[in-house]
1. Those residues that are of a type in the set (Lys, Arg) and assigned to a helix (DSSP H, G or I), I need them from the stretch 22-43; list them, please.
2. How about the stretch 63-117: which of its residues are modelled with pLDDT of 50 or more, closer than 20 Å to Thr33 by Cβ and either part of a loop (DSSP other than H, G, I, E, B) or among the basic types (Lys, Arg) (or both)?
Amino acid sequence: HAHSIATGLECPGVGPELSYLKDSKRAEFYTVTDEEAIDAYKRLCRLEGIFPALEASHALAYLEKLCPTLLHGTKVVVNCSGRGDKDASRVLQFNYDGQELEQPNAYDQIGENQYLDVPKKNSRN
């Protein structure tokens, strides 16, 4: 049974094509925790002002494990399709015990008393 905070990853995607690619060593598959994906989501929001979808946040989270194993100068592309603004309330409801809050009263906070620090766009007056 597949589970993820990202609803787009809830359905298992194992089929004969993916099994063949894995067996022939033409594809590798990795996992990250919900906590790691949320940390990556918050990091991209804070550093770049980009709200990635939670599905893409899983790939971003895996970069923390992958990049130290790569040669210096290696380029990595992560497809950040989807909109993360739809996931913001879900991220705010998630606490770091891996449980959703019973009463989501933390819409102004994210994580453990850390405010979501997203750069504001310049407004023209």
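The values are calculated or read from the model by the stated rules, or taken from the named source; none is laboratory data. Fair warning: this is a prediction, and the values are worked out from it, not measured in the lab. Because the Cβ atoms are built from the backbone with ideal geometry, glycine has one as well, and the counts that use them run over all protein chains shown.
1. Start the filter on the stretch 22-43 by keeping residues that are of a type in the set (Lys, Arg), which leaves 22, 25-26, 42-43.
The answer is Lys22, Lys42, Arg43.
2. Lys65, Val78, Cys80, Gly82, Arg90, Asn95, Tyr96, Asp97, Gly98, Gln99, listed by residue number.
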